[in-house]
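The values are calculated or read from the model by the stated rules, or taken from the named source; none is laboratory data. Since this is a predicted model, take the numbers as computed values, not measurements. Reconstructed Cβ throughout: ideal geometry from the backbone, glycine too, with neighbour counts over all protein chains shown.
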Amino acid sequence: MKRGTTGSERTDLQDAGGLTDEQLDAYILARLSMLGVDLSVLPEEDAAAPADQTRILASARRFLRSTPPAIADFELDALGPPPMLYPSESTTWGRE
Amino acid sequence: MSRDPAGRPEAAPEPLDTRVDRRGFLERMTALTAAAAVAPGSLGAPARAATGRTADAVVPTLPASPRAQATDPAELTLVEAAYLIRTGELSPLELVTACLDRIERWDGDYLAFNTVLPERALDEARRLGRSRERSALRGVPLAIKDNYYTAGVPTTANSHIFRDFVPDFDATAWARLRAAGAILIGKTQMGPLATTAATTPDGERTTVNAWAPFDASVSPGGSSSGSATAVAARLAPSSTGTQTGGSITAPSISQGLTGIKPTMGRVSLHGIVPLTYTRDHPGPLARDARDAALMLQVMAGPDPADPRSLGLPPVPDFVRATEPRAPGDPRLRWRTTIGVLPDYLKGPDPAPAGGPGDDDEAVGEEGQDQVRRRAEAREGARAAFERSQAEIAARRAMLSVFEDLGARVVDVELPRGWETLTSSDFNNVRLPERSEIFLEHLRDDVRNFGVSLSAWINGLLLPATEYVRGSRARLILLRAILDDMLARCDVVAQTTPFPFDMVGLPLIAFPIGFESVSAASPRPIGAMLGGLPYAEDRLLSVAAAYQRVTDWHRRRPADPDGFVRPSSGPEGSGRSRLDLFDVMEVGE
């Protein structure tokens, strides 16, 4: 994947893992369990509730299928820029 | 800092952004590590702020001869009110009383405030009325977003998590406003924890747009919704907001205001409930550029309690930046080139023609529902197209005005990789920051996050490898903006705040026209300009020059009794809800 490629070109790679909904749900719930975060206090499915397990898991699956692959596929040189939490502030470092 | 004979800091001969080394800094900084990610005090029990500065240290000089023709004090701009109080023509008590009267009369419709403090505000007004202080904001009431800590006053961030929280100190930005003589009139409604537009924590819409108080389809802008409505509705002369993903600029545009999101670090975040460490920016929402400049002048500056605010270029004279370069000369104060991106004057394709089609002949209850939904979709597309056409016409007119004022307008190409670097996936790199901040609360009970829970859960799922890579990519985005986009211009007209929010660059929003939905219900149209790091002075000067020759910023929405109220039945009185997926679509 070349730097600057678009989201539409990543489709095949997003699905490279080929994980099913069930597998992703297991991953999500395992990760949350390791952190001590419990979704079971939410109703399983209740459209009238602010949040329910079904919608939270659907959102999380969508996120996992899109965001981590898109970022991981963005190639950067090892000698490229270091991580920058506050990019604009770095511009002050070169001021006279 | 040297001062002129009137006691104000000497103006810089050039705006601050001319001293930015646009290209060279990257080569010099590669040996350095990332800036320290030092958070404000921990939630609920933060360290006491070193607010530090006295009123004397934050007193800008007020512009002389403000326009002050309004008879109702609540109609005055911030500068007008402060000036009249200083000259003794208006008392703080008169001004506070006028604002409280409007709040009492209309806030049941607007729902702009979480908390109103009438007794406290009146007491302060009496005290400051007796004072001889010449502080810049003496006796002026302000509406403060409810994520700013205010000592002794509930600070809820509109969340279940903070519902009983009463801080024992002021956020630095509010402490500076207070030290300059401002009065806290109330805390404003906001999106829960500064996500999305103002709703209850469970998603029921609250604050309305002052230009369409009974039309739930017209967004007030978020998450600083209450702050915007309070100013547009003349419940307070100015307000504060925070912006992580458009939350100052969007409500300013939605409600005909001038709002500025400064460069990261220019205003201390200490004592503001954090949403995303790297992208939260405090700033003012005001009636015009002069008011925004005065607010920012007071709010800005280094704060030992927030390392992000330290080591930055000195704060210039924002108020002076809004003045003409010579009396009576309307031209831009500084030679300025305005960049126009390829899509800035391009609208969507025309909406398909209305009327039932073949597929609208479905029968039965389900079929009728489909017909209704398609009709709504067509109507939505038609309205969006008309809105877009009005926006483009207003943008063309704005650029023409700027050319008349001496600006050079140039086309600017989108930098390489723009689509990827500014995509929602790369914008999502922010999510682990909020999840980390609130991890203990997530462990305690996820229900406390109400309708915006998804973003916090998703943030827990982004691996550290991708977080680091995304953080590296942000520097590439900054380089693309500085080296490609802003190499050919000083400011660039924007259609979305997200790219500049991602890298901490300043944005200003201001009104440039109206969409005439109906004669009784015009909708503001706004523009957004982005600039180089610490270019707040230039952005304010550009907006102020535009406002010297236009009057969009002087128009005010009618009071609620000037609009048609909905019927009192369940359909008319019910407030709509945001769904969890709506929040994901429009959230900060």
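Taking the conditions exactly as written (more than 20 Å from the chain's Cα centre (by Cα) and under 24 Å from B:Arg287 (Cβ atoms)), does B:Leu184 satisfy them or not? It is false that B:Leu184 is more than 20 Å from the chain's Cα centre (by Cα) and under 24 Å from B:Arg287 (Cβ atoms). Mind checking whether some residue in region B:171-189 is assigned to a loop (DSSP other than H, G, I, E, B), polar (S, T, N, Q), in contact with a Gly (Cβ under 9 Å, 6 or more places away or on another chain) and at pLDDT 95 or above? For region B:171-189, residues assigned to a loop (DSSP other than H, G, I, E, B), polar (S, T, N, Q), in contact with a Gly (Cβ under 9 Å, 6 or more places away or on another chain) and at pLDDT 95 or above: present. Using the structure shown, decide if B:Ser452 is modelled with pLDDT of 95 or more and either under 19 Å from the mean Cα position of the chain (by Cα) or small (Gly, Ala, Ser) (or both). No. Within region B:504-527, residues that are within 14 Å of chain A (Cβ to nearest Cβ) and part of a strand (DSSP E or B) have Cβ atoms under 6 Å from residues that are surrounded by fewer than 21 Cβ atoms within 10 Å (Cβ to Cβ) and polar (S, T, N, Q) in no pair, counting only partners at least 6 apart in sequence or on another chain.
Answer yes or no as to whether A:Thr6 is touching a Pro at 6+ places or on another chain (Cβ under 6 Å), modelled with pLDDT under 95 and at the interface with chain B (Cβ under 8 Å from one of its Cβ atoms). In short, no. When B:Ala473 is tested against (1) touching a strand residue (DSSP E or B) at 6+ places or on another chain (Cβ under 6 Å); (2) within 7 Å of chain A (Cβ to nearest Cβ), exactly one condition is not met: (1). If you go through region A:58-96 and pick out every residue that is surrounded by fewer than 19 Cβ atoms within 10 Å (Cβ to Cβ), at pLDDT 90 or above and assigned to a helix (DSSP H, G or I), you end up with 5. Only one entry in B:Val231, B:Val218 is among the β-branched types (Val, Ile, Thr) and more than 13 Å from the chain's Cα centre (by Cα), namely B:Val218.
Restricting attention to region B:540-563, and to residues there that are aliphatic (A, V, I, L, M) and assigned to a loop (DSSP other than H, G, I, E, B), which single residue is surrounded by the most Cβ atoms within 10 Å (Cβ to Cβ)? Across region B:540-563, the extreme among qualifying residues is B:Ala558.
Residues in region A:60-82 that are without any contact (Cβ under 8 Å) to a residue 12 or more places away in the chain and within 18 Å of the chain's Cα centre (by Cα) were compared, and the one that is farthest from the other protein chains (Cβ to nearest Cβ) is A:Arg62. In region B:425-453, the qualifying residues are those that are at the interface with chain A (Cβ under 8 Å from one of its Cβ atoms) and under 16 Å from A:Ala60 (Cβ atoms), and the one that is surrounded by the most Cβ atoms within 10 Å (Cβ to Cβ) is B:Val451.
When B:Leu405, B:Leu421, B:Leu399 are checked against the criterion of being within 14 Å of chain A (Cβ to nearest Cβ) and either at pLDDT 80 or above or touching a Leu at 6+ places or on another chain (Cβ under 7 Å) (or both), B:Leu421 stands alone in meeting it.
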